Amino acid sequence: MRRASLKRLAACMLTCCAVFGSVIPTANACSRFVYLGQDSNIFTARSMDWEQPISTDLYIFPRGMERNGELGPNSIRWTSKYGSVVAATYDNSTSDGANEAGLVANVLWLDESKYPAFKVNDAPGLTIAAWAQYALDNFATVAEAVAAFEKQPFTIVTNAMPGTQFKATVHLSLSDSSGDSAIIEYINGKQVIHHGRQYQVMTNSPTYDEQLALASY
């Protein structure tokens with residue numbers, strides 16, 4: 001049953017990629033939105049607007065996978081509680097995905113991101129490439145993920161984008177089957193979380209508090 005569910009989810013993701021890729025015009029920024037429809041019809045979609053090919057592949061991951069933060073001895077370690085279907089960019093980073101419990105994760109670029117320094121004696125490290133995957137592996141709902149992230153169980157560590165010399169700077173959005181949402185950013189080395197059903201739309205820059213201010217006009 002679980003395997004069939006994940007296969008259906010993968011097929012749905014492929015269909016969405018084809019549909020949105022054909023109907024959304026060329027844009028200069030990624031966007032993510034959560035549709036809150038009638039009769040509890042809820043879905044999350046995003047556009048991927050990047051200046052070069054990112055070699056996206058789809059993967060189905062089962063429950064029970066042993067994982068780590070990929071930063072050596074002081075890496076966070078976990079075993080996946082939920083199976084997931086993910087889109088992997090450059091074949092090494094989960095940019096988007098959904099798990100079998102209905103949690104969805106999307107990573108979008110944010111120039112203003114600044115992550116805390118990673119020190120050996122601090123919280124264990126988590127590569128930014130696995131930030132979304134950590135959420136999909138461990139949590140069934142946005143509320144559950146936010147409660148865990150507020151305790152800051154890891155230190156996010158960024159690295160250079162494949163084939164480039166500049167480091168990845170992104171923010172993470174989470175949504176679930178109830179329509180709940182959260183936007184998680186690191187600004188000036190501090191984690192900032194916006195949590196609530198009202199946070200349906202997110203794009204790249206500026207920081208999310210400024211996006212909300214712009215939307216109020």
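Any read-out appearing in this document is the output of simple, stated calculations on the displayed coordinates, not a laboratory observation. Note that this is a predicted model, so its numbers are computed, not measured. Here the Cβ is made from the backbone with ideal geometry for all residues, glycine too, and neighbour counts use every protein chain on show.
Of note:
- Taking the range 125-172 as the range and being among the polar types (S, T, N, Q) and either surrounded by fewer than 18 Cβ atoms within 10 Å (Cβ to Cβ) or not in a helix (DSSP H, G or I) (or both) as the test, the residues that pass are Thr127, Thr141, Gln152, Thr155, Thr158, Asn159, Thr164, Gln165, Thr169.
Okay, residues lined up against (1) over 24 Å from Ile54 (Cβ atoms); (2) touching a residue at least 12 places away in the same chain (Cβ under 8 Å); (3) out of contact with any helix residue (DSSP H, G or I) (no Cβ under 8 Å at 6 or more places or on another chain); (4) among the hydroxyl-bearing types (Ser, Thr, Tyr):
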position	(1), (2), (3), (4)
Asn74	yes, yes, yes, no
Ser95	no, yes, no, yes
Asn99	no, yes, no, no
Val104	no, yes, yes, no
Val107	no, yes, no, no
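- Of the strands (runs of 3 or more DSSP E) lying entirely inside the range 173-217, the ones with 3 or more residues being touching a residue at least 60 places away in the same chain (Cβ under 8 Å) and either buried (at least 19 other Cβ atoms within 10 Å of the Cβ) or touching a His at 6+ places or on another chain (Cβ under 9 Å) (or both) are found at 181-187.
- Which listed residue, of Thr203, Thr155, Thr141, is under 27 Å from Glu51 (Cα atoms) and not aliphatic (A, V, I, L, M): Thr203
- The residue list Asp122, Asp49, Asp91, Asp111 contains one member that is without any contact (Cβ under 8 Å) to a residue 60 or more places away in the chain, closer than 23 Å to Val201 by Cβ and in a loop (DSSP other than H, G, I, E, B), which is Asp49.
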